[in-house]
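This report refers to the structure that appears directly beneath it.
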Amino acid sequence: MSSYHFFTNYYDHIVRWTGYSLKDEVDMIDEFIKEYLDKDEKVSILEVACWTWVVARELLKRWYDIVWIDISEDMLQKAIDNIWRSRCELADMRDFNLNRNFDVVLCNYNSICHLISLKDWRKFFLQVYNHLNEWGIFIFDINTVYEFESITRDFKQFFTFKDVDNDSREDVVCLEMFKKERNMNNDIILSQKEKEYYYEWLIKMFVHADDGRYDLVIETIAENSFEISEIKKELESFWFKLLHLEDFHRWHVDEESERVYFVTRKV
């Protein structure tokens, strides 16, 4: 698992606020909860891998009771610096115990994809099951294999950020993604079909220095995904009933879906 460090400075502007509406996303999550959770009282939510907590902030405005966890100290610091200190926990999504259960567990913006192996996905599913109330709702989304494959074929993006004290100086961030071989059996020669892969973001940040030059900062972020049919089977094995699948961009889920939401129930 990766813990974003320097990229945290640019995360919201690049990942959260580029190319989609935060309001639309929160509206959709809100609709899922209201449709599939039969509860009149205030709903409790655990957001896992909360990033910079912008989704949690919007859900708090809608009178949900929210606790959130993240493995990245840099990400979590953005929440701890605010009044929500008591609602934050530094924790690994594969192994945590908050000693309470929730009506909803939310894992948003393909955060689960930072778990590279299916074994780690299973560990997370178990943690979710253990932290949900009876008939609780588990909502998460993924970047599909199709999406990752598309990005690795043809993708490079540049972003510029002006210095607040000097308009003539800019930081530049470049994003690329590459497909990497994941060899879990180093002593065995695997056939092409047996090989396992994951996807790695290469983030190059050109940060202006006081002397007018630029420092190059590089971070790599690993992600992975699995076929929707395989994820469904894993959810069933952990006693989650699939209630709904939705393509965030196009509603209907098909082989060219890029970002897919799963809505499930603990049974």
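The numbers here are math on the coordinates, done by the rules we state, and not lab data. Here the structure is a predicted model, which means the values were calculated and not measured. Virtual Cβ from ideal backbone geometry, glycine too; neighbours counted across all protein chains shown.
Worth pointing out:
- A full extension of the chain between Asp30 and Trp63 corresponds to an added length of 10.8 nm, given 0.36 nm per residue minus the alpha carbon distance.
- Going by neighbour counts of Cβ atoms within 10 Å, the residues Cys113, Cys50, Cys174, Cys88 line up, fewest first, as Cys174, Cys88, Cys113, Cys50.
- Ignoring lysines fewer than eight residues from Lys162 along the same chain, the ones with Cα atoms less than 20 angstrom from its Cα are Lys204.
- The local environment of Glu256, defined by Cβ-Cβ distances under 13 Å, has a net charge of -4 under the rule Lys, Arg +1 and Asp, Glu -1.
- For the chain, the longest piece that avoids every one of the GluC sites (Glu not before Pro) found in DSSP loops with at most 13 other C-beta atoms within 10 Å covers 42-193.
- Aspartates and glutamates with Cα under 13 Å of Lys34, excluding same-chain neighbours fewer than 8 positions away: Asp103
- Residue-averaged 222 nm ellipticity for the chain, from DSSP H runs of 4+ at -39500 (n - 2.57), nearest 500: -7500 deg cm²/dmol
- Among Phe161, Phe125, Phe102: highest mean-square fluctuation, GNM of the chain, C-alpha pairs under 10 Å: Phe161
- For the chain, size of Cβ-based charge dipole, Lys and Arg +1, Asp and Glu -1, in debye: 560 debye
- Counted by neighbouring Cβ atoms within 10 Å, the residues Leu60, Leu46 run from fewest to most as Leu60, Leu46.
- GNM result for the chain, Cα springs below 10 Å: residue of Asp27, Asp141, Asp74 fluctuating most strongly: Asp27
- Sequence-distant lysines (8 or more away, or on other chains) whose Cα lies within less than 24 Å of Lys195: Lys119, Lys123, Lys179, Lys180, Lys232, Lys233
- Among Lys162, Lys204, sorting on how many other beta-carbon atoms sit within 10 Å of each Cβ, with the fewest leading, yields Lys162, Lys204.
- Tensor-based shape of the chain (alpha-carbon gyration tensor, a/c under 1.5 rounded, otherwise prolate or oblate): oblate
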